[in-house]
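Structure first, then comments.
What follows is calculated from the coordinates using simple rules that are stated; it is not laboratory data. Keep in mind that what you see is a predicted model, and the values were worked out from it rather than measured. Reconstructed Cβ throughout: ideal geometry from the backbone, glycine too, with neighbour counts over all protein chains shown.
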Amino acid sequence: MLLDKGANYNKCDNNGWSPVLSACRYGHSNSKDVIIRQRAAYDTCNNTGWSPVLTACRYGHTEIVKCFRQRQDDVRQWADCNTCDNDGRSPVMCACRNGHIEIVRMLLDNGADYNKCDNNSLVICNFACRYGHTEIIRMLLKQRADYNTCNNKRPVSSDNLAKRS
């Protein structure tokens, strides 16, 4: 194993991708677990601000997201479900956009901010509506997500939300 030979597990490539981030991107939970035991830098983001948890949420790697949740007490900053990328998108926004229902549920149960807006003033409901994820829309409305928060550029009416849900 490379780590046994002294490989630098915190070294990032030119785009800021660390081994942990790459494992989260491609769903390699076994690799991530080995790197965690070696005390890698878990809160490192790449050049676009993607954290390991955001990356796993974006690509729908539910088992990896579960690991973040289980390790939250030990690795609080890494398991932060509200850390945003450079566009202001949070892990729950990425999961909503891509229709990862179980991940959205886990993040909401773990305290994800469902009224947070990205840099374009889009709120989480916008992502679920735009991509037609009606079960997620129902889940957000049940949580009392505010679909008008920060929504200056692309208003979403309650009628449009009701039609889609």
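Structure values in brief
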{"quantity": "At R0 = 45 Å, FRET efficiency that the Cβ-Cβ distance of Asn86 and Arg138 yields, to 0.05", "calculated": "0.90"}
{"quantity": "√(5λ) per eigenvalue of the Cα gyration tensor, the range 107-146, largest first, Å", "calculated": "15, 14, 8"}
